[in-house]
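Comments concern the structure below.
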Amino acid sequence: MEEEFVVVLEEKDLQEGKMKLVSFEGLPILFIKQQGKIFVIDNRCPHMGCGFSGGTLAGLVIVCPCHDWRFNLETGEYEDEPLIKLKKFEFKVESGKIWIKLEE
Ligand code: FES
């Protein structure tokens, strides 16, 4: 399996307390900055696939707009059933850009 880092977003385009949805090669990737921390997740909720970008942030929790499932952004875990997790992307911030690691 080949893995590579690709640039998907300029760091300056991600504001504190905001989400930014980017489609990259057909993948809906959601960038979030909360409390000075950056999170990069798959926008599709693991429950029924709704887009997290239409949801809300509550501290370090993201709430899905469809059925209000709450996920911890740091662990990815669904609060009521930690075995269910949202998908997080590995990333790095370099030269003012956010690079994410994609698995081929
Ligand atoms: S699709 Fe996200 S909580 Fe149901």
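The values are calculated or read from the model by the stated rules, or taken from the named source; none is laboratory data. Since we're looking at a predicted model, the values are computed, not measured. For neighbour counting, all protein chains shown are included, and Cβ atoms are generated from backbone atoms with ideal geometry for every residue, glycine included. To get the accessible areas, we keep the full protein, side chains included, count just its heavy atoms, and leave off ligands, DNA and RNA. Shrake-Rupley method; radii C 1.70, N 1.55, O 1.52, S 1.80 Å.
Other residues lying with their Cβ under 14 Å from the Cβ of residue 44 contribute a combined charge of +2, Lys and Arg counting +1, Asp and Glu -1.
Dipole check for the chain: with +1 at the C-beta of Lys and Arg, -1 at the C-beta of Asp and Glu, and the Cα centre as origin, the magnitude is about 400 Debye. Accessible surface calculations at 1.4 Å, restricted to protein heavy atoms, place the chain at 57 Å² per residue. Straight-line cross-link reach from residue 85 at under 27 Å between alpha-carbon atoms covers these lysines, not counting any fewer than eight positions away in the same chain: 18, 20, 33, 37, 97, 101. At full extension, residue 61 and residue 10 could sit 16.0 nm farther apart than now, given 0.36 nm per residue minus the alpha carbon distance.
Peptides 14-22, 51-59 ranked from most to least packed, by the mean per-residue count of other Cβ atoms within 10 Å: 51-59, 14-22. Between residue 75 and residue 38, full extension at 0.36 nm per residue minus the direct alpha carbon distance yields a gain of 12.0 nm.
Where a ≥ b ≥ c are the square roots of the eigenvalues of the C-alpha gyration tensor, would you call segment 27-104 rounded, which needs a/c under 1.5, or, failing that, prolate if a/b is larger than b/c, or oblate? Cα axes put segment 27-104 in the prolate bin.
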